[in-house]
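Here is the structure we will look at, set down as structure tokens.
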Amino acid sequence: MYNVNDIRNDFPILGREVHGHPLVYLDNAATTQKPLAVLDAMRKEYLNVNANVHRGVHYLSVKATELHEAARERVRSFIGAHSAREIVFTRGTTEAINLVAATFGSSQMKAGDEVLVTDMEHHSNIVPWQMQALQRGIVVRHLPITDDGVLRMDLLPQYINERTRIISMTHVSNVLGTVNPVKELTQLAHSHGIPVLVDAAQSAPHTAIDVSDIGCDFMAFSGHKMYGPTGIGVLYGREEWLDRLPPYQGGGEMIGSVSWEKTTWNELPYKFEAGTPDYVASHGLATAIDYVTALGLDAIHSHEQQLRRHCVALLKQIPGLRILGPEESDAVVSFVVDGIHPLDLGTLLDQLGVAVRTGHHCAQPLVERLGLTSTLRASFALYNTMEEVEALATALKRVIPMLQ
């Protein structure tokens, strides 16, 4: 039985006040709060097992290494990868995508080759490819969306050609919550011999993911968006692709041997993990995965969908408020109010303790495609309640007249 009140006891920050009002935290697409289980696990490791991994034979180093590699195995199981060799720890989704863009771009692409993204990408899946365009002369193309934010899959065959080398796309839009058909797209791409990278930053916290079922060649996600610590993320890569790509950074850990004449690379996945990893954060991420797994991702998804449907129903009753995106989407509701700048509205909501996001959400091309410069975004997590959704609607009804 999914008991959200019991779950909230695991997140003490949710009980605090902001500006004299109970906190209503609806900015989960930016970052989630962390349960005590994650914080306790990291604190315990720092207090009892703090030593650099992979480099020592003494007790603490061995134990820290065991925790770090157990976390890698936990991630592998969580996303259905075949081998822990396919799990690379990064600082987050952004670094993971940069890693692929830089190494794939340098080894697999030349001037005139194309990468295909979509109109709904986060900047972290646009800018790294644009940097490759500046450095190597590759071309960045973007698959269009409909006016209500659905990917134009019917146009995909027109955007794939003999110069397309890779497709890199988001699984779920961080602005609209649109869920893209990544399995269908991957199958079509593979029929043309094209690898696929999936940005799962906004899907991994909300729904079960199986990279073997999706069939993608790369996948990236972040710990801090799924109740884990900041500064840790994951790049999944098919072993055959990771073997083909060159290292991303140089230094300790990623080497086999070093001499003045020649350096050789370490085996996977360490070839891509230069320097001391955040071995405590990896343990925190594994603990967060255990936490959501114990609750059940299907139950989490169902709860969040109920929250979203309730939110949409309430917001539709507010005159002048327009909800963006498709009717069915993930745990996000983006909206605008006629004649009011989202920043002004978000600032007044904050004074009532309601935390939502305002701006272009690091997806400026998408927001501009919608004919806007900014939106408000309420995004839900496993600990949000129907009462918090109602608090958002009540607060909007209170502050909108102040700005009209």
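The values are calculated or read from the model by the stated rules, or taken from the named source; none is laboratory data. Note that the coordinates shown come from a computational prediction; the quantities given were computed from them, not determined experimentally. Cβ sites come from the backbone with ideal geometry, for glycine too, and all protein chains shown count toward neighbours. Each accessible area value is taken on the protein alone, full model and side chains, heavy atoms only, with ligands, DNA and RNA left out. Shrake-Rupley method; radii C 1.70, N 1.55, O 1.52, S 1.80 Å.
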Wholly within the range 190-242, strands (runs of 3 or more DSSP E) carrying at least 2 residues that are at pLDDT 95 or above and out of contact with any strand residue (DSSP E or B) (no Cβ under 9 Å at 6 or more places or on another chain): none
Test: residue in the range 41-49 that is assigned to a helix (DSSP H, G or I), acidic (Asp, Glu), over 28 Å from Leu366 (Cα atoms) and open to solvent by less than 20 Å² (accessible area, probe 1.4 Å): yes
Candidate set: the range 309-323, residues that are touching a residue at least 60 places away in the same chain (Cβ under 8 Å) and assigned to a helix (DSSP H, G or I); chosen: the one surrounded by the most Cβ atoms within 10 Å (Cβ to Cβ): Cys311
Which numbered condition Met219 fails, given (1) surrounded by 20 or more Cβ atoms within 10 Å (Cβ to Cβ); (2) under 16 Å from Glu273 (Cα atoms); (3) not small (Gly, Ala, Ser): (2)
Residue in the range 324-345 that is closer than 30 Å to Asn5 by Cβ, open to solvent by less than 20 Å² (accessible area, probe 1.4 Å), touching a Leu at 6+ places or on another chain (Cβ under 7 Å) and free of Cβ contacts under 8 Å to residues at least 60 places away in the same chain present: yes
From the options Thr358, Thr394, residue that is assigned to a helix (DSSP H, G or I) and of a type in the set (Ser, Thr, Tyr): Thr394
So Gly256, is it closer than 28 Å to Gly105 by Cβ and more than 26 Å from the chain's Cα centre (by Cα): yes
Matching residues, the range 119-164, being within 15 Å of Val198 (Cα to Cα) and either part of a loop (DSSP other than H, G, I, E, B) or in contact with a Pro (Cβ under 8 Å, 6 or more places away or on another chain) (or both): Asp119, Met120, Glu121, His122, Ile126, His142, Leu151
Top-ranked residue in the range 50-60 [being in a loop (DSSP other than H, G, I, E, B) and open to solvent by 90 Å² or more (accessible area, probe 1.4 Å); ranked as modelled with the highest pLDDT]: His58
Candidate set from the range 103-131 (those that are open to solvent by 30 Å² or more (accessible area, probe 1.4 Å) and small (Gly, Ala, Ser)); member that is nearest to Glu240 (Cα to Cα): Ser107
Any hit, the range 321-337, residues being of a type in the set (Asp, Glu) and touching a strand residue (DSSP E or B) at 6+ places or on another chain (Cβ under 7 Å): yes
